[in-house]
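Only one structure is covered here, and it is reproduced in the block below.
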Amino acid sequence: MKSHIIKLHCIFACFLFLSCTENTDTATTISFNPKTERHSVFKTGVIKRVKLVKLESDSCIIGEIDKIICNDSLLYILDKYIAKEVFIFTKDGHFVNKISRQGHGKYEYTQLWDIFYDKDKNTLCLLSRSDEKILSFSPDGKRIISTSRLPRMFNSVMPTSGGYIGYMGNSIPDPNIPFNIWTMDKSFNLIEGFLPVAPQLRGRSYMGVNSMSAYRDVIYFKPEYNNNIYQIKEGKVSKRYILDFGSKTVPDLSTIDRDVEMGLSILGMKTVSNIYNYIETEEYILMDFVMDAQRWLGIYNKRKRTSEIAEIDMYCDKYRFAFGTIRGMDQSAIYTAINYESVYNTWLGHSERVNYEKLYPEQVANLRKLFPNLKEEGNPFIAIYSLE
């Protein structure tokens with residue numbers, strides 16, 4: 001009898017989802033051909049300026065950069081696993097402040113999981129997942145404004161014009177309410193749930209995947225192992241884009257048995273299973289993903305309705321350094337984290353295997369002019385790739 005009741009609840013939940021989802025006939029298909037010739041990301045015309053930022057290390061040591069967001073002149077860096085802190089720098093790399101409040105008090109976090117900037121309230125917000133809490137700070141992080149309780153254990157939260165959107169990260173504590181996305185009012189009260197989690201994904205979270213993105217007054221959501229990008233606007237959810245990667249497109253998850261060991265992992269190696277970062281600008285839609293064990297940048301030109309897969313390769317124009325790992329995107333730039341040692345070796349002129357000064361004399365000279373003095377160790381560098 002209990003199993004029948006649960007089934008009825010799930011049927012009702014799915015009906016509720018369908019009734020609150022707009023017509024999907026207007027969804028745009030974005031096709032990426034994995035067999036076409038690929039050009040350097042620096043030859044696509046998307047990136048117009050490159051800035052390499054050295055983060056000061058005298059006042060703080062960053063363990064790992066998990067996320068980067070920007071507001072006006074400040075960079076906010078989340079290190080959620082090692083330091084478990086948020087670091088604030090200027091865009092020139094000068095240290096401003098760090099937020100370190102791990103604990104069980106009212107103004108502390110037990111599991112720092114995400115950060116976002118609430119422009120309406122002009123506050124930096126820290127999401128503590130396990131204790132379902134939002135801590136809000138002044139822009140420089142030096143003054144705590146408020147603490148708010150959350151109705152669910154969200155993986156990430158984004159502000160909207162009418163409230164907030166919360167993402168569950170495929171965690172479904174109540175099988176009768178299988179929704180992955182929830183709308184909330186300005187006081188974080190639940191309004192509606194959308195997009196049930198596929199049974200094969202329940203309880204599975206994927207590292208480094210930023211599933212939500214904002215453009216104007218719209219929030220976009222890209223589920224893992226799903227080829228659809230949904231838009232959430234004015235309390236309605238609709239399918240906005242459909243991604244087609246040809247032979248690398250993820251098949252219907254109903255064909256994958258959750259009980260088969262490594263089933264999803266194998267699928268992830270053979271297809272483009274996840275979009276790690278996604279952003280829409282006035283002219284482009286950009287997304288980075290792994291295909292054939294390599295990271296690529298998908299570029300869709302909205303005006304021309306053309307798409308291409310760009311190679312994320314070494315920057316070797318004025319300076320020489322690795323593109324870095326993408327840790328954030330917004331309408332103005334792509335933000336990456338770059339290993340300190342790799343930049344330092346180029347600045348030094350050599351490593352154990354490569355004579356950079358001989359191979360790249362101009363780039364080495366420019367790097368030394370940019371950074372007259374570099375120590376042997378320091379915080380990771382940040383690259384800011386300004387968008388067209």
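For the reader, a short list of remarks on this structure follows.
- Of all residues in the stretch 268-283, those satisfying the criterion of being within 19 Å of residue 217 (Cβ to Cβ) and in a strand (DSSP E or B) are 278, 279, 280.
- Hits in the stretch 320-352 - residues which are more than 30 Å from residue 214 (Cα to Cα) and either open to solvent by 40 Å² or more (accessible area, probe 1.4 Å) or not β-branched (Val, Ile, Thr) (or both): 320, 340, 341, 342, 344, 345, 347, 348, 349, 350, 351, 352
- Index of the failed condition, residue 293 passing every other in (1) exposed (fewer than 15 other Cβ atoms within 10 Å of the Cβ); (2) on the phi < 0 side of the Ramachandran plot; (3) in contact (Cβ under 8 Å) with a residue 24 or more places away in the chain: (2)
- Residue 150 being open to solvent by less than 30 Å² (accessible area, probe 1.4 Å), in contact with a strand residue (DSSP E or B) (Cβ under 8 Å, 6 or more places away or on another chain) and more than 16 Å from residue 275 (Cα to Cα): yes
- Residue in the stretch 1-32 that is modelled with the lowest pLDDT, counting only those that are assigned to a loop (DSSP other than H, G, I, E, B) and open to solvent by 80 Å² or more (accessible area, probe 1.4 Å): 1
- Subset of the stretch 298-328 (residues that are closer than 25 Å to residue 75 by Cα, in contact (Cβ under 8 Å) with a residue 12 or more places away in the chain and part of a loop (DSSP other than H, G, I, E, B)): 312, 313, 317, 318, 319, 322, 323, 324
- Every residue from the stretch 197-233 that is acidic (Asp, Glu) and buried (at least 20 other Cβ atoms within 10 Å of the Cβ): 224
- Among the conditions (1) modelled with pLDDT under 95; (2) more than 18 Å from the chain's Cα centre (by Cα); (3) farther than 21 Å from residue 111 by Cα, the only one that residue 173 does not satisfy is (3).
The values are calculated or read from the model by the stated rules, or taken from the named source; none is laboratory data. Everything numeric in this text was worked out from a predicted model, so none of it was measured. Here the Cβ is made from the backbone with ideal geometry for all residues, glycine too, and neighbour counts use every protein chain on show. SASA here: full protein model, heavy atoms, side chains in, ligands and nucleic acids out. Shrake-Rupley method; radii C 1.70, N 1.55, O 1.52, S 1.80 Å.
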